[in-house]
2 protein chains.
Amino acid sequence: MDFSSFVTSLGTSFLIFLVLMLLFTWLSRKPGNTVVYYPNRILKGLEPWEGGGSRTRNPLAWIREAMASTERDVISMSGIDTAVYFVFLATVMGILVLSGVMLLPALLPVAITDDSLAKTAKAKNETFSDLDKLSMGNINEKSPRLWAFLIATYWVSFVAYYLLWKAYNHVSALRAEALMSPDVKPEQFAVVVRDLPPVSDGQTIKEQVDSYFRSIYPDTFYRSMVVTDIKEVNKIWEELEGYKKKLARAEAIYADSKKSGSTEGTRPTNKIGFLGLVGKKVDTIDYCNEKIKELIPKLEAEQKATLREKQLPSAIVFFTSRVTAANAAQSLHAQMVDTWTVTDAPEPRQLIWSNLKIKFFERVTRQYLVYIIVALTITFFMIPIGLISAFTTLDNLKKYLPFLKPVVNIDAIKTVLEAYLPQIALILFLALLPKFLLFLSTIEGIPSQSHIVRAAAGKYFYFTVLNVFIGVTVGGTLFATFKTLEKHPNSIFTLLANSLPGNATFFVTFVALKFFVGYGLELSRIVPLIIFHLKRKYLCKTEADLKAAWLPGDLGYATRFPGDMLIFTIVICYSVIAPLIIPFGVVYFGLGWLLLRNQALNVYLPSFESYGKMWPHMHARVVTALLLYQVTMFGFFGAKKFFYAPILIPLPILSLLYAYVCSKKFYRSFATTALEVASRELKETPNMENIFRSFIPASLSSDKIDDDQFEDALSQVSRTGSMA
Amino acid sequence: MDFSSFVTSLGTSFLIFLVLMLLFTWLSRKPGNTVVYYPNRILKGLEPWEGGGSRTRNPLAWIREAMASTERDVISMSGIDTAVYFVFLATVMGILVLSGVMLLPALLPVAITDDSLAKTAKAKNETFSDLDKLSMGNINEKSPRLWAFLIATYWVSFVAYYLLWKAYNHVSALRAEALMSPDVKPEQFAVVVRDLPPVSDGQTIKEQVDSYFRSIYPDTFYRSMVVTDIKEVNKIWEELEGYKKKLARAEAIYADSKKSGSTEGTRPTNKIGFLGLVGKKVDTIDYCNEKIKELIPKLEAEQKATLREKQLPSAIVFFTSRVTAANAAQSLHAQMVDTWTVTDAPEPRQLIWSNLKIKFFERVTRQYLVYIIVALTITFFMIPIGLISAFTTLDNLKKYLPFLKPVVNIDAIKTVLEAYLPQIALILFLALLPKFLLFLSTIEGIPSQSHIVRAAAGKYFYFTVLNVFIGVTVGGTLFATFKTLEKHPNSIFTLLANSLPGNATFFVTFVALKFFVGYGLELSRIVPLIIFHLKRKYLCKTEADLKAAWLPGDLGYATRFPGDMLIFTIVICYSVIAPLIIPFGVVYFGLGWLLLRNQALNVYLPSFESYGKMWPHMHARVVTALLLYQVTMFGFFGAKKFFYAPILIPLPILSLLYAYVCSKKFYRSFATTALEVASRELKETPNMENIFRSFIPASLSSDKIDDDQFEDALSQVSRTGSMA
């Protein structure tokens, strides 16, 4: 890529970004769009804009607002997890800024005044771009100038260590502060108990759990809730909720028709067959009413049956004290580790009930099986895609799906299909991959949503780094230099090192594209906006429908964080080789910080709160990227035949040591709750009944069912002493 | 080694054993020797023999008694740790018995009817012994007879898995039972707190600890004891105790002399210089009295100073409930893991006060440094010994220690010295090695004696297995087959496999020698008996002296267990190759079980009780030996060019999996105390004051010092509420 095409590419991306930003400024002013651009504020009962004067707003006001917002604002609007994500963005940006401040003025002059590329180009009669002259590739082999790059390698590493250490301390304090908050949080009073042993004769599971925990915690045990198999009752409940929604919509349509059309109005109708497309036509309101009437007793019967007969060997146990709950979650209860496993409870909303029943060694087995599957997917993901695209050739399509023949035979479509079929398969695969990884993490048996997201993000990180970064870099070189490889069966890292300089410009463009176009789309929310307006116009009939149409998701850590890490890995690995990439990295994370600050404050709704448990995971990944960078640099100095390259050997060892010390010092307080934190005073005496009720799944909680019926699965209040 | 010399060697060993056993029968009957042969019973206040009729005793009565004793007897006489050691002996013996029952009748006929050795001997004109014909070495390459040996390899492994699993369950139950005992054990009410953070202004360490733990455990916190630097006070106290002892002896001598000699008696005197050899001559009684009078106020002053000024940033914290103590020991207390580290307290007698002050990361660092030193010692231990023996040649001795010249120049002595100097260096090294390993384990920073012993035993195991077993086996072959090695740079395991058959007879003799002579000496207690009688005759003057002379040590797990493991490793590795070794292994462990049962019941005094914490360590070592066996067998089948050898590949994987499952399922309850165990009811309300006092080191506890002075370092009783 020569210089002019590089600038063109950058310019185009920037132009798209500008257009999208202006679009955002214009669209977000319109009052009808506030639910798309400020849903988080609206749901929290705040004005869309501070001050409210929408017309007089500066187009760049959102930037000022994002800059002015404090960490405390973020926590109050979006929770600790979001604040931790900003710590990550700020830390990574800090690493790049401090690296750039030293590396750009020091290394660029050293590189541009050398002449390795010119010599090679002359010898081989090739050309090179001016951009390449600014990289380490322009340094002659064995040149003493390499010392500058070697010192730079150390500088970047130490900057990273320092800032990561500070960040870990800060996040640890954030987590501690949140956990010691005087507000009553139900999950702090509960623990999840799994792997209950078989019940002895004449005892119910509830009695077993109650007597076990009452004997260990006589003073602080409150009561327990036996986990039940709620699959069936959930199905009925969802069906019922569906009909209730349908009824509300039908009634709204009917009321509308009365107002606008004939005074009588037309009663809406629908077909009861497959997808409402076939079958008998019925009056929707009557039909729904009938169905609801039918389902309510069915649900109640199923609720009773579930509570009585579908108890599973696990339970949620409640304590009247935070300290006891934190203490219990960390302690071994039974002599055998695979019975009475006690762990801390996640928030009620993120508890995965169906995973609670999985037994200890089954969980371990599932975990390793999933790891193997993921490793295979990462290594061989091209094979099924290749097979699919081989199968989906035009000829095969015509053969197996003959009704497509007339369409496929059109020349234009034929050309497009022939060109893009493999790519479409790849794009489909990559789009489905996060879902697949989330699914894999779920079947590991993890009982909380946030943990599943963390596990999926870890898998996705390895996928992107190994396939996109190393794959793109090495892949191209591998075929080009197959002969030299056979002669020097070097390590993957040397190979990577040799491949890096050639791809520098490609990755700079990649980073720029990612932030200009990606963030432009993120800020302008064009897609959600269009979908919302379409839905509002054609589908939404009730207030609930409308809310569902604009209700935003969460930040989506499972894919967002690995995406950021890919950029960071690329930038850090190139930071010394081609320092010009650093400013682009800084802009990526700086712009990201700014934009997502706006989105976090105004748009996204967190779907869970794990009190920063994501951080050790982020930290470990950043150190992994650093390690990759250090090993690659060692290989690269080797390729430059630099005599002092072994001076770099301590660096990866230091990184491993650093990771070890960090995990030793900080990790345990992220895995569990430190007791000194849990022992802080509460604002009020916790209402244990509310805490208990908050863990009852929606499909099981019913106003009609009175407490007595719950007693089959849920233990009695210990304070009444009726069990003693 | 041919058959006759093998039988001769066995016969000699057996004869020695018989003689020693008869000696034991004869000597143990003499009433004067009961303190040597039955000290444990005497100290427990029991009759030396049950029934008491010493003269009418059957010479083999001890065997009947050992056989009749139950596990409960062992526990009551010698504790859980000893009982666990017998479980180890019984399990290992069980593995060998069950292996032998199948392997001996199945493999010996298969081996002896083949003719590989005869063919090779013919071709190379060598000889072979009849014993070798009974081994796998006599099977032809690629012979289908190898199937029998392959199945045998699997059989031995599965027998081991099954019995080890049963044993782990049993030991786990033993530990649980001991920990849930209704007796009050001080260590179950205490935790060790290390890495206290710097004290804030105006607070003492005691106040800091008290307020911290009282806020977390308001109901069950009792009080705390700040750890002090007792090095100085210990020194003075030991000096004082020494003079007290000396005084008692001098008075006894004086009283004796009055009775026997002149009516006046001779007052004993001593010189006060180096070792009592030089310096002024003084009257011992006066001198000691004077010294004691001098030291008592010095000790008291030092005690006060220690408690006030030499406080260290660690403490022992006491709770009024076992559950809370067990709970606290497992939970994270501070947000940062390297402050307020809480672990369970060992027994007061095995607490290493000087190690308590070592900080978190210093402990980790020390641990890894020690591991490196041990690895270097194991690998290169021959080098310093070689250097020492090179230095201690006769010429050097004469040069540096000229006064030895006349002795060394005697011909007989010269020959012996020249022949044995290197061996003496080796023997010295091997004799000092356990002490060295115990020292290394101590400087790791481990705060309890039993843990240090476990750590040292682990190190010693690797030393013996790697150096004695693999060293002897491979060492010889390595030099013999250096040329073939160069051609086939195979793994160490193939090499080991090739070396094994040649050494089978050597190791059989080694095992036999070890049990006949070793156990003979163990049972007869010749050495302690002679030492006791010598001391009684020439040194002991007081009752206390006499008791010190016969007081036995403990079983000495640090060397005993690795010794047993060496035998087990040898036997299991040869079990399939030369099944004839199995009966010898069975006799070793059977005889050991019997003999040590006698010694445990009658002789040894356990010096600590760790409630079976040694077991996971034993289990892991047995599985390690099994793994070595499986890998060696795979190599050996490869050397026999057996086509189906890869069928053995699943075995080592299975072993690793087995070890993983065992450690997952059982280990945590050995590392800590399960809460369901700690929550059992106690026989009586614990006397907290006694529990607290039992942790005060001897040098700090004094009747004269009243409680008020302790308050500097020891916190006040929480129940009085004076701190609130």
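How would you classify region B:188-306 from its alpha-carbon gyration tensor, with a ≥ b ≥ c the square roots of the eigenvalues: rounded for a/c under 1.5, else prolate if a/b is greater than b/c, otherwise oblate? Since a/c reaches 1.5 and a/b is larger than b/c, the shape of region B:188-306 is classed as prolate. Of the three principal axes defined by the Cα atoms of region B:579-660, the extents in descending order read 55, 32, 13 Å. For a 21 Å ceiling on Cα separation, which of these pairs sit above it: A:LYS357/A:LYS665; A:LYS30/A:LYS514; A:LYS271/A:LYS293; B:LYS44/B:LYS613; A:LYS206/A:LYS235? Check vs 21 Å cut-off fails for A:LYS357/A:LYS665; A:LYS30/A:LYS514; B:LYS44/B:LYS613; A:LYS206/A:LYS235.
Can you count the Lys pairs in region A:75-204 with C-alpha separation below 17 Å, eight or more apart or on different chains? Close lysine pairs found across region A:75-204: 4.
Over all pairs of different C-alpha atoms in region A:148-217, the reciprocal of the mean inverse distance, the Kirkwood hydrodynamic radius, equals 17.4 Å.
Computed 3J(HN,Hα) for region B:685-701, one whole-Hz value per residue from the Karplus formula 6.51 cos²θ - 1.76 cosθ + 1.60 where θ = phi - 60°, is 5, x, 7, 4, 4, 5, 4, 4, 5, 5, 8, 6, x, 3, 6, 9, 8, glycine and proline marked x.
Across region B:525-657, the convex hull enclosing all Cα atoms gives 129 Å³ per residue. The distance between label points at A:THR113 and B:ALA671 comes to 5.7 nm (points 7 Å beyond Cα on the Cα→Cβ vector). The slack between B:ILE352 and B:LYS304, meaning 0.36 nm per residue of separation minus the straight C-alpha distance, is 15.2 nm.
Packing here is the average count of other Cβ atoms within 10 Å per residue, and on that basis the peptides B:688-700, A:449-461, A:147-159, highest first, run A:449-461, A:147-159, B:688-700. Of the residues B:GLY202, B:GLY242, B:THR228, the one whose Cα sits farthest towards the positive end of the charge dipole of region B:197-242 is B:GLY202 (charges of +1 on Lys and Arg Cβ, -1 on Asp and Glu Cβ, taken about the Cα centre).
Cross-link candidates for B:LYS398: which lysines have Cα within less than 27 Å, leaving aside residues fewer than 8 places away along the same chain? Leaving aside lysines fewer than 8 places away in the same chain, those within reach of B:LYS398 are B:LYS414. Based on protein heavy atoms only, region B:649-694 ends up with 52 Å² per residue of surface accessible to a 1.4 Å probe. Rounded to the nearest 100, the interface formed by chains B and A buries 3300 square angstrom of accessible surface, both chains summed, with a 1.4 Å probe.
With Cα atoms defining each centre, region A:94-171 and region B:141-157 are spaced 61 Å apart in the structure. Computed packing ranks the peptides B:35-47, B:196-208 as B:35-47, B:196-208, most packed first, by mean other Cβ atoms within 10 Å. Protection proxy ranking for A:579-592, B:289-302, using the average of other Cβ atoms within 10 Å per residue and placing the highest first: A:579-592, B:289-302. Computed in the context of the full set of protein chains, the accessible area of region A:507-604 at 1.4 Å probe radius has 70% of its extent on carbon or sulfur.
Look at the stretch B:358-365: the mean tally of other chain Cβ atoms within 10 Å of its residues' Cβ atoms is 1. Sorted from nearest, the other copies put their B:ALA698 label points 7.1 nm away, the label point being 7 Å from Cα in the direction of Cβ. Counting, for every residue in B:226-232, the Cβ atoms of other protein chains within 10 Å of its Cβ and taking the mean gives 0.
The values are calculated or read from the model by the stated rules, or taken from the named source; none is laboratory data. What you are looking at is a predicted structure, and each value in this text was computed from that prediction instead of being measured. Please note: Cβ atoms are built from the backbone with ideal geometry, for glycine as well, and neighbour counts cover all protein chains shown. Accessible surface areas use protein heavy atoms only, side chains included; no ligands, DNA or RNA. Shrake-Rupley method; radii C 1.70, N 1.55, O 1.52, S 1.80 Å.
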